[in-house]
1. Using helices alone, what [θ] at 222 nm do you get for the chain, with -39,500 (n - 2.57) per DSSP H run of 4 or more residues, divided over all residues and rounded to the nearest 500?
2. Can you work out the PRE-style zone for residue 199? Point 7 Å along Cα to Cβ, and I want the residues of the stretch 82-109 with backbone N under 18 Å.
3. Starting from the stretch 1-83, pick out the trypsin sites (Lys or Arg not before Pro) whose DSSP state is loop and whose Cβ has at most 16 other Cβ atoms within 10 Å.
4. In nanometres, what is the gap between the two model label sites at residue 18 and residue 45, each 7 Å from Cα along Cα-to-Cβ?
5. Counting other Cβ atoms within 10 Å of each Cβ, which chymotrypsin sites (Phe, Trp or Tyr not before Pro) in the stretch 1-50 have at most 16 and sit in a DSSP loop?
6. Using modelled backbone amide H atoms (1.01 Å from N, in-plane), which distant-in-sequence or interchain residues come within less than 5 Å of residue 118's amide H?
7. May I ask you to evaluate 6.51 cos²θ - 1.76 cosθ + 1.60, the Karplus curve with θ = phi - 60°, for each residue of the stretch 72-89 and list the ³J(HN,Hα) values in order in whole Hz, giving x for glycine and proline?
8. Which whole-Hz couplings ³J(HN,Hα) result when phi for each residue of the stretch 158-165 is put into the Karplus expression 6.51 cos²θ - 1.76 cosθ + 1.60, θ = phi - 60°, listed in order with x for Gly and Pro?
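Bear in mind that the values in this text are calculations on the coordinates, not laboratory data. These figures come from a predicted structure and were not determined experimentally. Note: ideal-geometry Cβ built from the backbone for every residue, glycine included; neighbour counts use all protein chains shown.
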Amino acid sequence: MAKKQHEKSQQTMQELMDSAITLFGSKGFASTSVAEITDNAGYAKGSFYRHWDSKDELFLQIIEHKFKQYRATRHDRIRTAANLEQAMNVIWDFLETIVRDKNWSAIFLEFTVYSATNDPVRKIMNTSDYRLSNRVFADLVRDHVETDFSPEKIGALNTALFEGYLIHHALGAEDISLEDIRENAIAMALRNGTKQGQSA
């Protein structure tokens, strides 16, 4: 009995999350209400509050779930990287999966901007479960950096380039491509993080 109740609770949670993603994609995070999420999923409003205290909390769980899926593939490949260039390509393959999911990248960008004005959410967003933070990026490349250049700085530069591209892309500007960003980000990492790059 308890198992069935747990399964039903998990199903309800997943259906509410799916409903939220659909509505966030079509209306935006800020314009979507809790009532709309529950109505769209076919549940009473109380069902929402049995799982989350707020829309913010729901979205953070959605981000965590998404990034766990992305990371599963990334970690399998990063372990086999033999050098910094290979590690960077694995990371940028991962980042490109976010951009290719246009609905998701737009929602994530809106919530990232929203979190900048919400201190509790901003602090949570800066943890590894919710984005490719500078520290996480640094940990992924640290074993392959051959110079004194900080892996954290490589992470910060790449994160800034990627998130800047998301804004650029969302505004419909087409004068720079994701391939341009990727190529220059990797070149910058190799120039600063490898002995060959620093001697060039």
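1. My calculation for the chain gives -24000 deg cm²/dmol from helical runs alone.
2. Zone members listed by number: 83-85.
3. Here the trypsin sites (Lys or Arg not before Pro) that fit, given the DSSP loop and packing criteria, are 50, 79.
4. Modelled inter-label distance: 2.5 nm.
5. Working: sites: 24, 29, 43, 48, 49; in loops: 29, 43.
The qualifying sites are 43.
6. Those lying under 5 Å, H to H, from residue 118: there are none.
7. Along the stretch 72-89, the couplings run 4, 6, 4, 5, 4, 7, 5, 5, 9, 5, 9, 7, 5, 4, 5, 4, 5, 5 Hz.
8. 5, 4, 5, 5, 5, 5, x, 5
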